[in-house]
Every structure is written in C-alpha cells, then in structure tokens.
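First comes the structure, then the notes that go with it.
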Amino acid sequence: MTPVRRQAARRSRPALRRRAVLATVPVVVAALLATAAPATAGTTGSFGTIAPYGPLVGPAMAGTTGSSGAGDPYFPLAGNGGYHVRHYDLTLRYDTASRRLDGTAVLTARATQRLTRFDLDFTGLKITRLAIDGAAASYRRDGQELVVTPRRALREGQEFHVTVTYHGIPKPVTDPDGSPDGWIPTDDGAFVAGEPQGAMTWFPANNHPKDKASYDFTLTVPKGRTAVANGVFLGRRTAQGQTTFRWRQAEPMAAYLATATVGTFDVERSTTRDGIQVYNAVDPREAKAAAPVLKKLPSVLEWESKLFGRYPFRAAGSIVDRAPDVGYALETQGRPLYDSAPALSTLVHENAHQWFGDSVSLTTWKDIWLNEGFATYAGWLYNEQHGGASAQKTFDTLYARPASDRLWAFPPGTPGSGANIFATPVYARGAMTLHALRKSVGDRVFFHILRAWAAEHRHGHGTTARFTQLAERESGKDLDGLLRTWLYTDGKPDRSA
Ligand code: ARG
Ligand code: ZN
C-alpha cells in the first residue's frame with residue numbers, strides 16, 4: 001500500500017486558468033477552476049435565440065425536421081434530435097507536419113421520427129462530399145450545425161448511413177470556462193479531447209452524451225508517430241512511410257469521450273488478471289515521471305472494481321501526452337488522456353470516471369456532479385483505504401472553509417451555466433454530498449448504492465432524480481432534505497444536513 005502522492009493541484013501548468021489552491025485536499029481536479037461566475041442566461045453565441053425546448057423538440061412535434069439540439073439548457077446546440085447514431089466509423093489521416101486532417105466518417109443511424117432534414121454537429125473542417133446511403137445529399141453549414149437534407153425523406157425507424165468526407169486544419173473550440181477542447185495540436189501531433197463540446201472539431205457527430213454509439217477508428221499518421229483511440233487495439237500496418245492504427249470501441253460511448261491522440265509515444269501493452277487489455281502510450285519526455293503511477297493502473301482498476309463493480313469495458317490504459325496548453329486530463333473512454341505525467345490521484349479520478357461518467361452517462365450537462373462529484377469522492381476513498389486522510393478528514397477540511405469561499409459559490413446540482421460545470425463546487429461539494437449521504441445511510445448501504453448505480457445504468461444514462469430514487473430505495477430513507485440541501489441550496493450548508 002502506498003500513500004497517495006499529495007499534490008496541491010494536479011495541474012501541470014496553470015495554462016489558461018488560475019491554479020487551484022487546494023492545499024490540503026489530495027484531490028485533483030477541483031483544480032479546474034473557472035470563476036464560479038453567476039449563471040448567465042445563454043451559453044451559445046450566434047444562436048442565442050434558439051430555445052432549448054423549442055417547438056421542434058420532442059416526439060409530439062408535427063414537423064419533420066430534426067431539432068438542432070438535444071434539449072440541453074447549458075449547450076442548446078449540442079446533439080441533435082430526430083435520430084440516434086448507433087455506430088461511427090472514422091477513417092482519419094493526420095499529417096503532423098502540416099497539421100492537415102483528412103477524414104471520412106460513416107455514421108450508422110436510425111431515424112426516431114420522419115425526417116426531411118436533420119442536423120449533425122460539425123465545425124471548422126471543409127466538407128467535400130456528403131452522402132446518405134450512397135447518394136449525395138445536400139447540406140449547409142450554420143455555425144456548429146451541419147444541416148442535411150436527404151433526397152428522400154427518412155421514415156421513422158429507418159436505418160441509414162451518412163458518409164461525410166472532409167479535410168482541413170482542425171482547431172479546438174474554447175469552452176465557456178476558457179479551456180481549449182477538441183483537436184488540440186501539440187509539437188508532435190495532437191491532444192484530442194472533447195468534453196463537453198470538442199468532438200465536433202474533428203468528426204461530425206450527434207454531440208451530446210444522451211446519444212451513445214460504438215466506434216471504429218482507422219488512423220493513419222507518419223511513420224514513427226502513434227495514433228491512440230478508444231477501446232481495443234486491433235493492429236497497425238506501415239506502408240510508404242505511413243502507419244495505420246486500428247481501434248474498436250465496442251461498448252457505447254458518448255462523442256465527448258472519443259479520442260484519436262497522435263504523438264511520439266512509447267507503447268506498452270499488457271492484460272490484467274481480470275482479462276482487461278491495457279494499452280499505455282507515453283510521451284518519452286513524460287516517461288520517467290509517469291512510470292511509477294502507470295504501474296499502479298492494474299491495482300487501481302482492481303480496487304475500483306471491488307468498490308464499484310466489474311470494470312465496464314474490455315480495454316483500459318493511459319495516454320500520457322505533453323500538451324502544455326491544455327491544463328486538464330480527460331476520462332476518454334477506456335483510456336484516460338493526460339496532458340503530462342499524472343499524479344496517482346489523477347489516475348484514480350479519471351479511471352473512476354469509467355464507471356461514473358463513461359459507463360453511466362449524463363442525460364444533461366447540468367447533472368455534471370454525477371461525474372465529477374463521484375470521481376472526486378473515489379479519490380477520497382482511495383486515500384482513506386491507502387494510508388492517507390480519511391474521507392471524513394477531507395470533508396472536514398473543506399467544510400472549514402468560510403462561507404465566502406468559492407467552494408460555496410453555487411450548489412453542485414445547479415451549476416447555472418456551461419461556464420461552471422468544471423468549477424470547484426461541482427467536484428468538491430459534489431463529493432461532500434456523497435460523504436453526507438454515506439454518513440446518513442451508513443457504509444454498508446452507501447457502498448451498495450454506488451455499486452447499484454453503476455450496475456443499473458451500466459452503458460446507459462443517469463439523472464440526479466434517478467440517483468435520489470435509487471438511494472432512497474436502497475436505504476429505505478427519505479433523502480430528499482439531505483440531497484436538496486447539498487445539491488440545490490445556495491450557500492454553505494448547515495453541517496447537520
Ligand atoms: N472531466 C475532466 C476531469 O475531471 C475535466 C475536463 C475539463 N474540460 C474542460 N473543457 N474544462 O478531469
Ligand atoms: Zn473528473
């Protein structure tokens with residue numbers, strides 16, 4: 001047992017944000033800061049007037065155009081209505097010298113209503129051809145919306161294939177919290193992360209966690225570089241100075257968790273005792289610092305599996321890049337992505353997300369505490385069970401912060417806008433919420449709740465309301481007051497809550 005390496009913040013570099021000052025909190029990510037600004041009315045620029053629950057949304061609608069968003073109040077244009085994508089087949093070629101990306105995306109989708117028109121999310125790159133079931137279809141670009149008009153209307157229930165051929169120099173988007181997100185160039189390739197919005201910078205998608213799909217990746221990069229995506233490694237082949245890597249993500253995945261990170265990497269493969277295929281890709285400049293932490297991945301996954309239930313995917317691993325402008329790590333499915341050698345606490349956090357966030361996905365970004373509060377609490381539990389501070393101690397240290405501290409700036413169940421979804425209250429007060437729940441129901445029931453949550457929504461979706469129901473069912477207690485206080489009530493909660 002090794003005590004958790006303490007870090008004031010796991011940020012490698014302050015990047016775009018102020019560094020968090022979490023001196024005594026061994027956890028991580030809370031670091032991401034954002035300013036905990038008060039809620040702003042809208043989160044999109046050019047389409048500010050489109051109502052998230054406008055007349056085009058929902059099964060009751062009479063029209064035949066798919067809505068331009070999935071109905072998310074924080075990201076009204078994220079995702080689209082009228083169809084479900086079952087599979088993405090992405091064939092990409094990236095020239096690291098010119099930074100040009102050439103792609104073909106084939107989406108297998110099913111119409112959930114009659115469709116004379118539908119949207120995809122896709123921004124930046126130039127489209128040279130778009131076809132539906134092999135026949136060219138007309139389309140237009142409107143901000144992040146790619147508006148597609150099939151030659152013939154799609155019937156409700158009809159399965160169809162959309163093929164989009166495109167190229168260009170991808171650019172990341174800037175999130176409401178100021179972080180870069182999407183295809184982020186590095187000195188030797190690209191750091192590819194998509195939470196919450198960036199997937200659309202490198203492939204056309206139904207870009208909301210509500211719509212999960214399986215993925216195949218065929219990634220071609222200059223010989224000597226490695227392209228790492230999600231899921232199982234299927235093989236590589238080099239010809240004419242180019243190497244093609246193939247990957248398959250068989251379990252459903254939200255678009256924001258997809259990656260196709262490119263760089264000069266040392267690769268190490270192994271299989272855990274549970275038969276999980278591990279693929280680690282490490283920038284050699286980070287190798288020395290990363291090695292002792294990555295070595296612990298199998299034992300961390302084993303520990304997490306004991307606590308949360310069977311690991312949800314057949315593949316695992318780590319991508320350790322050197323991406324100084326990024327400023328965060330991401331729980332890319334099956335293989336978290338780090339912008340530099342991670343601290344052990346970060347590795348624990350990102351892998352806890354495999355259960356909480358990746359397998360059990362959000363239905364709305366507002367419920368982000370279901371991801372970040374849980375992954376943060378996993379870190380507290382790891383410390384508690386590995387010779388570090390108890391979760392109670394971590395809770396107490398945070399609770400001691402004065403009412404004016406930004407920890408209490410807003411309640412984690414209602415961050416208020418997309419600018420706040422990665423701010424301190426979501427992580428730290430989100431974890432405190434779980435600790436308050438644990439105190440109220442007792443350890444046995446609490447750990448049962450965590451496992452039941454992961455099991456019942458495995459490869460699916462959750463909401464805060466469903467979590468509350470489950471916790472009440474498992475504990476036989478009315479938890480409404482406690483969760484309302486911790487998740488939804490402004491200001492520092494009364495400790496008795
Ligand atoms: N989910 C990531 C984590 O917990 C943070 C992603 C931050 N992304 C961003 N665009 N700010 O570690
Ligand atoms: Zn996280």
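Observations on the structure shown:
- Rg over Rh for the stretch 380-497 works out to 0.95, using Cα positions for both radii and the Kirkwood form for Rh.
- Local net charge near ASP188, Cβ-Cβ under 14 Å (Lys/Arg +1, Asp/Glu -1): -3
- Segment GLN240-ASP480, length gained on full extension (0.36 nm per residue, minus Cα span): 80.1 nm
- Of the residues THR112, ALA341, TYR488, the one whose Cα sits farthest towards the positive end of the charge dipole of the chain is ALA341 (charges of +1 on Lys and Arg Cβ, -1 on Asp and Glu Cβ, taken about the Cα centre).
- In this rough spin-label picture, where each label sits 7 Å from Cα along the Cβ direction, the ASP405-HIS386 distance is 2.4 nm.
- J(HN,Hα) series, the stretch 327-342, from Karplus relation 6.51 cos²θ - 1.76 cosθ + 1.60, nearest Hz, glycine and proline x: x, 7, 10, 9, 7, 2, 4, x, 6, x, 10, 10, 7, 6, 3, x
- Long-range amide H partners of ASP266 with built H, under 5 Å: VAL282, ASP283
- Sites ARG248 and LYS492, calculated FRET efficiency, Cβ-Cβ separation with R0 35 Å, nearest 0.05: 0.15
- Mean residue ellipticity, 222 nm, helices only, the chain: the sum of -39500 (n - 2.57) across DSSP H runs of n ≥ 4, divided by residue count and rounded to 500, is -6000 deg cm²/dmol.
- Evaluated with a Cβ-only charge set (Lys, Arg +1; Asp, Glu -1), the stretch 114-220 carries a dipole of roughly 740 debye about its Cα centre, given to the nearest 20.
- A Stokes-Einstein calculation at 20 °C with viscosity 1.002 mPa s, built on the Kirkwood radius of the chain over Cα pairs, returns a diffusion coefficient of 94 µm²/s.
- Ranked list, fewest to most other Cβ atoms within 10 Å of each Cβ, for ASP95, ASP480, ASP358: ASP480, ASP95, ASP358
- When only the Cβ of Lys, Arg, Asp and Glu is charged (+1, +1, -1, -1), the dipole of the chain relative to its Cα centre reaches about 600 debye.
- Reachable lysines from LYS366, criterion Cα separation under 22 angstrom, eight or more residues apart if same chain: LYS210, LYS212, LYS492
- Cα pair count fraction exceeding 20 Å, expressed as % - the stretch 181-260: 33 percent
- Sequence-distant residues sharing a close amide H with ALA190 (under 5 Å, placed H): VAL262, GLY263
Bear in mind these aren't lab numbers, they're just calculated from the coordinates by the rules spelled out. Here the structure is a predicted model, which is why all the values come from computation and not from measurement. Virtual Cβ from ideal backbone geometry, glycine too; neighbours counted across all protein chains shown.
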